[in-house]
Each structure stands twice: as structure tokens, then as C-alpha cells.
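Heads up: the structure comes next, in C-alpha cells.
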Amino acid sequence: MTILITGATGRVGRHLVQQLAIRGASVRALVRDPAKADLPAGVEIAKGDLLDIDSLRAAFAGVDTLFLLNAVSGDEFTQALITLNIAREQGIERVVYQSVLHADRFVNVPHFAVKSGGERMLTQMGFGATILRPAYFIDNETMIKDVVLNHGVYPMPIGSKGIAMVDARDIAEIAAIELIRRDQAPAKLPTETINLVGPDTLTGANAAAIWSEVLGRPVVYGGDDPSGFEQNVASFMPQWMAYEMRLMAERYVSDGMVPDSGDVQRLTGMLGRPLHSYREFVTALAGKA
């Protein structure tokens with residue numbers, strides 16, 4: 001049986017395709033540019049995107065299970081709507097969907113609202129789905145590495161309530177486990193939700209302290225005001241997206257992104273190993289490993 005992966009060349013998708021290949025799954029990757037895909041041998045490449053109906057129909061031919069990941073974009077919800085409609089049209093019932101932690105609460109943040117809508121669609125359209133709800137990606141810290149190293153400031157306004165940062169490798173491995181479980185099941189399985197979190201719940205001050213320890217010199221937290229953060233990210237992403245990132249940061253500060261009781265234990269049980277830690281990631285990012 002074939003599993004179709006959207007977002008196959010992204011931060012999660014690339015790890016996911018590798019995990020599925022290791023497990024011997026039949027994988028088809030939907031990519032915009034096959035020449036740049038650079039995926040493992042044996043992975044079938046389907047050229048197209050989530051707004052190209054003909055390419056979607058072709059990509060779904062012979063597919064049993066779908067991994068749906070919509071990147072943050074101005075037409076993100078349209079992409080999700082179209083993809084799930086085409087999937088249902090093609091008779092697909094089994095889905096693993098990458099949502100986001102607190103999608104149902106942070107509804108003023110556009111991509112959280114989109115993911116919440118996607119979750120409702122899966123239920124109302126009759127899919128059997130695993131809804132993955134990852135917290136803040138540890139991998140986002142690559143964006144602020146130079147600021148930390150050159151200025152001694154941890155600039156992400158994540159507040160003091162706590163953020164359960166999760167590694168993309170852990171997201172991908174859980175996704176692979178769930179895709180294979182659903183793909184190999186004799187019938188459509190009930191829908192369930194899995195929160196994807198890291199082993200530690202960190203504040204801005206905590207993150208700065210870890211950077212200080214790894215680098216062996218002081219790093220201070222830049223504070224909770226997201227204004228500077230919005231201005232900085234607007235230098236390399238569209239203004240609307242920078243504003244959306246600001247809205248997200250404001251919810252981090254006001255609400256945090258704290259795991260539910262038992263989330264970490266559930267994930268470590270599924271993986272059979274500890275979750276990747278923030279300190280481990282920062283050590284590698286800083287070249288101290």
C-alpha cells in the first residue's frame with residue numbers, strides 16, 4: 001500500500017520520508033521540483049502542488065494513506081480544503097494530519113485557526129485520522145543563532161509561562177509510526193489526537209540560560225515585547241507573515257504552550273527512546289557537540 005507525503009522536502013517531511021524508507025514503506029512524495037527533491041532511493045516522486053487539481057488527482061492514484069502538512073501561506077486553508085476533498089474523491093480514508101498544539105485555543109493566529117479548521121474537516125468528512133499537534137519547533141532556533149552568538153541575546157519572545165519545544169525528528173518519527181499503523185490496519189481506525197512536545201518546558205529565561213551554559217558566556221533573554229521580533233523577521237519574510245509570527249509570540253507570552261499530563265510519557269513510549277532535548281539541539285547548533 002502506498003503512502004502519499006505532502007511537504008516532503010520540508011523540515012518534518014524530509015525526516016518523515018527517511019523514517020518511512022527505513023521501515024520499508026511504499027512512499028510517494030508530492031514535490032514542486034523533482035530535480036531538487038533529493039529523497040532516498042526507492043521513493044516515488046510526484047510532481048505537483050496542493051492547488052494543482054490535475055497533479056493532485058494523479059498523485060493520489062493508487063494511494064491508501066495521506067500525510068497532510070500545509071505550510072504557512074496566504075492560501076493555506078484553501079490548500080487543505082482542496083487536498084482533503086480530492087483525497088475523499090479518490091477514496092482515501094486514512095490520514096495523518098500535522099496540526100499545531102492549541103489549534104483550538106489560539107484562534108486569532110491565522111495558521112492556528114487554519115489547523116483547527118482542518119481538524120474539523122477531517123471529522124466531518126469521515127476520515128480516520130491521527131491529528132498531530134506539535135508545539136513550537138526547536139528547529140526554529142536556527143533563525144536566531146546569529147543573534148545569540150553575535151550579541152549575547154536570546155531574542156525569541158516566548159515569555160515565562162513555558163513552551164514545550166519539540167524537535168522535528170521526533171515529529172517525523174511519530175508521524176511515520178502512525179502512518180504505518182493506519183496504512184496496515186485492516187480497516188479505517190478511529191480518529192485520535194497526539195500532542196507532540198519536547199522533554200522540557202522552557203521559558204525565555206530558561207532558554208537563555210541553556211545558551212549561556214553551552215557557550216560558556218552570558219546570554220540574556222531579550223524580553224516579552226514582540227515588536228522587535230516582528231521587525232526582524234519582516235526583513236526576510238512577507239510582512240503579513242511577520243505579523244502572524246508576532247500574534248503567535250503574543251499567545252506564547254500570555255498562555256504558554258504547556259504539555260498535558262502524560263504527553264511526554266506517551267511519546268517516549270511510542271518512540272522507545274527519550275525525546276530530543278533543547279540543550280542537545282543548541283549544543284549541536286552552536287558547534288559544541
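Just checking, does segment 72-93 include any residue being in contact with a His (Cβ under 9 Å, 6 or more places away or on another chain) and not in a helix (DSSP H, G or I)? Among the residues of segment 72-93, at least one is in contact with a His (Cβ under 9 Å, 6 or more places away or on another chain) and not in a helix (DSSP H, G or I), which makes the answer yes. Looking at Val233, Val220, just one residue is buried (at least 19 other Cβ atoms within 10 Å of the Cβ) and not aromatic (Phe, Trp, Tyr), and that residue is Val233. Filtering Leu149, Leu179 for residues that are modelled with pLDDT of 95 or more, more than 25 Å from Ala29 (Cβ to Cβ) and either among the polar types (S, T, N, Q) or assigned to a helix (DSSP H, G or I) (or both) leaves a single hit, Leu149.
Would a scan of segment 27-35 turn up a residue that is surrounded by 16 or more Cβ atoms within 10 Å (Cβ to Cβ) and either in a loop (DSSP other than H, G, I, E, B) or under 15 Å from the mean Cα position of the chain (by Cα) (or both)? Don't jump to the end; show me each part of the working.
We begin by selecting, within segment 27-35, every residue surrounded by 16 or more Cβ atoms within 10 Å (Cβ to Cβ); these are 27-31.
Applying the additional criterion that residues be either in a loop (DSSP other than H, G, I, E, B) or under 15 Å from the mean Cα position of the chain (by Cα) (or both) yields none.
No; the residues of segment 27-35 include none that is surrounded by 16 or more Cβ atoms within 10 Å (Cβ to Cβ) and either in a loop (DSSP other than H, G, I, E, B) or under 15 Å from the mean Cα position of the chain (by Cα) (or both).
When segment 236-271 is filtered for residues that are among the hydroxyl-bearing types (Ser, Thr, Tyr) and either exposed (fewer than 13 other Cβ atoms within 10 Å of the Cβ) or over 30 Å from Ile180 (Cβ atoms) (or both), the ones remaining, listed by number, are Tyr243, Tyr252, Ser254, Ser261.
If I filter segment 184-206 down to residues being outside any loop (DSSP other than H, G, I, E, B) and of a type outside the set (S, T, N, Q), which single residue comes out as nearest to the chain's Cα centre (by Cα)?
Of the residues in segment 184-206, the ones outside any loop (DSSP other than H, G, I, E, B) are 184, 192-196, 202, 204-206.
Applying the additional criterion that residues be of a type outside the set (S, T, N, Q) yields 192, 194, 196, 202, 204-205.
Numbers: Glu192: 17, Ile194: 13, Leu196: 9, Leu202: 18, Gly204: 21, Ala205: 24 Å.
Residue satisfying both the conditions and the ranking: Leu196.
Candidates in segment 184-199 are the residues that are surrounded by 19 or more Cβ atoms within 10 Å (Cβ to Cβ) and not β-branched (Val, Ile, Thr); of these, the one that is nearest to Thr123 (Cα to Cα) is Asn195.
Given the options Arg120, Arg133, name the one that is in a strand (DSSP E or B) and modelled with pLDDT of 95 or more. Quick ask: steps written out before the conclusion?
On the way: Arg120 fails: in a strand (DSSP E or B).
Result of the check over Arg120, Arg133: Arg133.
Pairing residues of segment 199-227 that are farther than 25 Å from Pro259 by Cβ with residues that are modelled with pLDDT under 95, at Cβ distances under 9 Å and at least 6 apart in sequence or on separate chains, gives Leu215/Ala286; Leu215/Lys288; Gly216/Lys288.
Would you be able to say whether some residue in segment 46-54 is touching a residue at least 40 places away in the same chain (Cβ under 8 Å), of a type in the set (A, V, I, L, M, F, W, C), assigned to a helix (DSSP H, G or I) and out of contact with any Phe, Trp or Tyr (no Cβ under 6 Å at 6 or more places or on another chain)? Within segment 46-54, none of the residues are touching a residue at least 40 places away in the same chain (Cβ under 8 Å), of a type in the set (A, V, I, L, M, F, W, C), assigned to a helix (DSSP H, G or I) and out of contact with any Phe, Trp or Tyr (no Cβ under 6 Å at 6 or more places or on another chain). The requirement of being without any contact (Cβ under 8 Å) to a residue 60 or more places away in the chain, under 26 Å from Gly256 (Cβ atoms) and out of contact with any Asp or Glu (no Cβ under 9 Å at 6 or more places or on another chain) is satisfied by Val107.
Residue-level analysis places Phe106 among those that are among the aromatic types (Phe, Trp, Tyr), crowded, with 19+ Cβ neighbours inside 10 Å and closer than 27 Å to Asn232 by Cβ. Within segment 44-68, being at pLDDT below 95 and under 19 Å from the mean Cα position of the chain (by Cα) holds for Asp49, Leu50. Note on segment 3-22: residues that are at pLDDT 95 or above and not in a helix (DSSP H, G or I) total 4. Pairing residues of segment 254-277 that are in contact (Cβ under 8 Å) with a residue 60 or more places away in the chain and closer than 26 Å to Ser160 by Cβ with residues that are assigned to a helix (DSSP H, G or I) and β-branched (Val, Ile, Thr), at Cβ distances under 8 Å and at least 6 apart in sequence or on separate chains, gives Leu267/Ile174; Pro274/Thr268; Leu275/Val264; Leu275/Thr268; His276/Ile138.
Test Ser99 against the stated conditions and say whether it is buried (at least 21 other Cβ atoms within 10 Å of the Cβ), closer than 30 Å to Ser235 by Cβ and within 16 Å of the chain's Cα centre (by Cα). Taking the combined requirement at face value, the residue satisfies it. Here Phe77 passes the criteria (1) farther than 25 Å from Gln18 by Cα; (2) surrounded by 21 or more Cβ atoms within 10 Å (Cβ to Cβ); (3) touching a Gly at 6+ places or on another chain (Cβ under 9 Å); (4) not hydroxyl-bearing (Ser, Thr, Tyr) except the one numbered (2).
The values are calculated or read from the model by the stated rules, or taken from the named source; none is laboratory data. Since this is a predicted model, take the numbers as computed values, not measurements. Every residue, glycine among them, receives a Cβ derived from its backbone with ideal geometry; neighbour counts consider all protein chains shown.
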